[in-house]
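The values are calculated or read from the model by the stated rules, or taken from the named source; none is laboratory data. All values derive from a computational prediction rather than experimental measurement. For neighbour counting, all protein chains shown are included, and Cβ atoms are generated from backbone atoms with ideal geometry for every residue, glycine included.
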Amino acid sequence: MNESIKNQLHEASQHLANLRLDECIDQVELILDKTKEHQKPYYIGVRAAQINEDSTKLLSLIKRGIYNITGDRTLFLEASYKACKQMELKGQCLDLAKRLEEDGKNSNRVDLLLYQVDALLINDDTQTAEKIIENLIKKYPDNLECRLKGIDCKRQNEDWDGARRIARKTAKQFPKMWLSHDAFAEECLRAGKIKRATKIYQIALDANKGQNSNSIEPKTSLSTLQYYSPNKWQENCNQRIEKIRLINQKIRLQWDTSLRQQDTYQLIDSNDASAIIDQCIGQKEVDLFRKCALPAMQADVIRVVHLATQSHALYIDWPYRPFQLSTLFEQKLFQAGESMLAGKRRNQNWVLWNGFAYSSPKNSLQQFFLNVMERIFYNINNEASNNVYTVTGPGVWIKAYDQYFNGSRSFDVHQITYPGDVQQVFKPALDKRPSMKGHWSAVQKSQSIYINDIAQER
């Protein structure tokens, strides 16, 4: 692959990262006009088509990729499968699963063999799926993914006792793997056994914690906050209510288990957020919060209020949760005890992202976040624009950051990267945004991001 093509691929990747989906697709097509045998442009195009929910473009790219790609194609096939699954293209999933199975046999990758089980479950052929997974478990008894897929089969059949039985055996067989305990805890929660689920997480943590004796824990209590609000623009949201309920239960338990006794964790909704803002600041700011029409804006506001009013505070976007079998302050990321801000890489530059922030008493970021908070409330009050990014989102953080960290004032803050550094400690409990439907960047194109009749919202 020549340098020109590499540069075009990088440009397409940047378009994808910034959700400039039409530009991304256009760039991919330009690349494919020059070279057709590499999987990377097809992969990027498939991801863009998935997020854009463009099934016509998706199927076109898949057809061309299958025909033209030479050499390794696994990345492309996996992305294609996930996109088809999201768009409920069930027949296409079966075809892609067969191709992934072929690659799995050739490369001895068990994870690729499991796509056939997943595709059969999607197509409601649970009987065949169970037979295949039973054989795979026998063939690969030490493979955790096989066990977890076996649990999925039982769940599909609503065989909750069977799912719980496999999950119990899996947790016992893989005591060092968080996912094994997580699956068992979920089945206990599904059965209403909250105390049992809590005990599972605690036993798993107790058996594995203390592995890093060099950790220095801060003396002050940590206050951790997450915000969840159903997205009313997302279709079929009601179908996910039970799943979300279980996920939120798991998230709370995992956070509580990973934190110290003196620390606190809150998973709040809009009513809780209003009460916190009223208590910490005042009714005027509550009204400005309620003026935010989009859940993303509401989350933007409450995270900054939290970070601005607490001396020792952590915020990370829902549904991220700790997944390591050790307490939070045993994690390498937190051992220095320094405040942290996260950023994404854009053209080799670190660009501030607002999905994670940690303010340590060692070098508190309260003053920085007070500045951010003032800017956000000013923007909302004056309806500065109809762009969430610049009104309440990362754009506000970046302006404040430039003033505090690149100007005359100097604050010692540890810059980390997303997803690399963040996902060493935290993982999302589900794919929150498989597509652009309901995403703030799409919604703001067709409606105001503000609610002007606050009294009606109350």
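Determine whether Ile51 is at pLDDT 95 or above and not aromatic (Phe, Trp, Tyr). No, not satisfied. On the given criteria, is Leu189 at negative phi, outside any helix (DSSP H, G or I) and under 23 Å from the mean Cα position of the chain (by Cα)? It is false that Leu189 is at negative phi, outside any helix (DSSP H, G or I) and under 23 Å from the mean Cα position of the chain (by Cα).
Could you please find all residues in segment 168-177 being closer than 15 Å to Ile151 by Cβ and either assigned to a helix (DSSP H, G or I) or of a type in the set (Lys, Arg) (or both)? So that I can check it myself, show each step before the final result.
First, the residues of segment 168-177 that are closer than 15 Å to Ile151 by Cβ: 168-174, 177.
Listed by number, the residues that qualify are Arg168, Lys169, Thr170, Ala171, Lys172, Gln173.
Among the helices (runs of 4 or more DSSP H) lying completely within segment 1-70, list those that include at least 2 residues that are over 28 Å from His439 (Cβ atoms) and either of a type in the set (Asp, Glu) or not assigned by TED's automatic domain parsing to the domain that holds Arg346 (or both). Talk me through it step by step, then tell me what you get.
Working: elements: 3-17, 21-34, 39-51, 55-68.
Because the criterion is at least 2 residues that are over 28 Å from His439 (Cβ atoms) and either of a type in the set (Asp, Glu) or not assigned by TED's automatic domain parsing to the domain that holds Arg346 (or both), the helices (runs of 4 or more DSSP H) in segment 1-70 that meet it are 3-17, 21-34, 55-68.
Quick check: anything in segment 156-176 among the hydrophobic types (A, V, I, L, M, F, W, C), surrounded by 15 or more Cβ atoms within 10 Å (Cβ to Cβ) and more than 24 Å from Ser326 (Cα to Cα)? Step through it out loud before you land on a result.
Step one: filter segment 156-176 for residues among the hydrophobic types (A, V, I, L, M, F, W, C), giving 160, 163, 166-167, 171, 174.
Checking the rest, the ones that are also surrounded by 15 or more Cβ atoms within 10 Å (Cβ to Cβ) come to 163, 166-167, 171, 174.
In the following step, the residues that additionally are more than 24 Å from Ser326 (Cα to Cα) were identified as 163, 166.
There is at least one residue in segment 156-176 that is among the hydrophobic types (A, V, I, L, M, F, W, C), surrounded by 15 or more Cβ atoms within 10 Å (Cβ to Cβ) and more than 24 Å from Ser326 (Cα to Cα).
If you go through segment 70-116 and keep only what is in contact with a Cys (Cβ under 9 Å, 6 or more places away or on another chain), of a type in the set (A, V, I, L, M) and crowded, with 22+ Cβ neighbours inside 10 Å, you end up with Leu96, Leu113, Leu114.
Working carefully through the options Lys149, Lys131, Lys98, find the one that is farther than 29 Å from Arg245 by Cβ and either touching a helix residue (DSSP H, G or I) at 6+ places or on another chain (Cβ under 8 Å) or not in a helix (DSSP H, G or I) (or both). Give the derivation first.
Values: Lys149 fails: farther than 29 Å from Arg245 by Cβ; Lys131 fails: either touching a helix residue (DSSP H, G or I) at 6+ places or on another chain (Cβ under 8 Å) or not in a helix (DSSP H, G or I) (or both).
Going through Lys149, Lys131, Lys98 in turn, just one is farther than 29 Å from Arg245 by Cβ and either touching a helix residue (DSSP H, G or I) at 6+ places or on another chain (Cβ under 8 Å) or not in a helix (DSSP H, G or I) (or both): Lys98.
Within segment 439-458, the only residue that satisfies the criterion of being modelled with pLDDT under 85, surrounded by fewer than 18 Cβ atoms within 10 Å (Cβ to Cβ), within 30 Å of Ala48 (Cα to Cα) and not hydrophobic (A, V, I, L, M, F, W, C) is Ser441. Answer yes or no as to whether Ser311 is under 30 Å from Ile380 (Cα atoms) and outside any helix (DSSP H, G or I). The answer is yes for Ser311.
State whether the residues of segment 295-308 include one that is farther than 20 Å from Pro428 by Cα and outside any helix (DSSP H, G or I). Scanning segment 295-308 turns up no residue that is farther than 20 Å from Pro428 by Cα and outside any helix (DSSP H, G or I).
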